[in-house]
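Worksheet: one structure, shown below.
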């Protein structure tokens, strides 16, 4: 019943857009696409941003005639920010609901839990979250895995020399949550820091369950670090930054926030969380016509105050890539989608992107951005950066 209601909402959106001049969609069997995302459990901000992007793509695809004449039906499931549940929901969507592909998840640990299922059931996974690249066991690689956000050579490798060139210092304190993504991001960052003559004065992790970060804030302040490389996502990260502001830490160090997006804006309090920097594939305040048009389309659909982050952008691109892949192969099937997406060139709000045929990652436009006056602002456009996923041939 839930999936039927989802399709009816999609059909209504398509009918509304059809009145603006798009062709009417044929009354044919929909193409089911699953989405396993955290709508509870601590990362729901990111799950909702992903849904916004997927919903916009679905509405626009359906309003323009669907995929090879068939409408897209989105089937959303809550992972509860739990890798085991994420894997169970992915299996159900494929085996029970016949999903042609799955979009999601957010956590690297959830992606790794889902990957064997995608491989075993020969179904593409559309992973649109920035992540740490392939691990030593080959995680992050495979015929059925597709990636629509950044890996470290795209977001972190440009950021570290930029900080050095700006005179921000070369003594780094690494602080993050104790799970796959932060640990592997810091592992990737260490040789990058060494390459610019920097040193890591400390590396520390939290469970993410803490409420009082004052002890570690004092340690960072006393360490002599000039840059805090930060990988604590969601509500724990917001709590840390609020307490760091009260202590005055952000006046002493530059906070380089891995995975930062507009999702966080406004969460730290008025005038707080300023001058943080990040490497990102999308900045909603950018004045480029494609970005302005994309943000306007999102807000027409979801409301004028809707935050638009790279999670919205990347998940929108993921569903558009699925459409492009199926149309390229002329085959509405899981294998057709996989064959068509490999090597696909996709027009996006920031310019042309290409899915690398061998490892299914994205070559994309990248930016250095900084929080200023309650906004994320572009401070340097880096151009297209090809991914170095770490996948082995």
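The values are calculated or read from the model by the stated rules, or taken from the named source; none is laboratory data. All figures in this text were calculated on a predicted structure; none of them were measured in a lab. Because the Cβ atoms are built from the backbone with ideal geometry, glycine has one as well, and the counts that use them run over all protein chains shown.
See the values below:
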read-out: Test: residue in segment 311-322 that is modelled with pLDDT of 95 or more and within 30 Å of residue 226 (Cβ to Cβ); value: yes
read-out: Hits in segment 347-393 - residues which are loosely packed, with under 14 Cβ neighbours inside 10 Å and within 22 Å of residue 134 (Cβ to Cβ); value: 357, 358, 386, 392, 393
read-out: Test: residue in segment 119-128 that is over 20 Å from residue 354 (Cα atoms), in contact (Cβ under 8 Å) with a residue 12 or more places away in the chain, in the same structural domain as residue 54 (by TED's automatic domain parsing) and buried (at least 19 other Cβ atoms within 10 Å of the Cβ); value: yes
read-out: Selection within segment 254-280 - part of a loop (DSSP other than H, G, I, E, B), in contact with a helix residue (DSSP H, G or I) (Cβ under 6 Å, 6 or more places away or on another chain) and modelled with pLDDT of 95 or more; value: 258
read-out: Check on residue 329, out of contact with any helix residue (DSSP H, G or I) (no Cβ under 7 Å at 6 or more places or on another chain), in the same structural domain as residue 144 (by TED's automatic domain parsing) and under 30 Å from residue 69 (Cβ atoms); value: no
read-out: All positions within segment 190-214 that are in contact with a helix residue (DSSP H, G or I) (Cβ under 7 Å, 6 or more places away or on another chain) and either part of a helix (DSSP H, G or I) or in contact (Cβ under 8 Å) with a residue 40 or more places away in the chain (or both); value: 192, 193, 208, 214
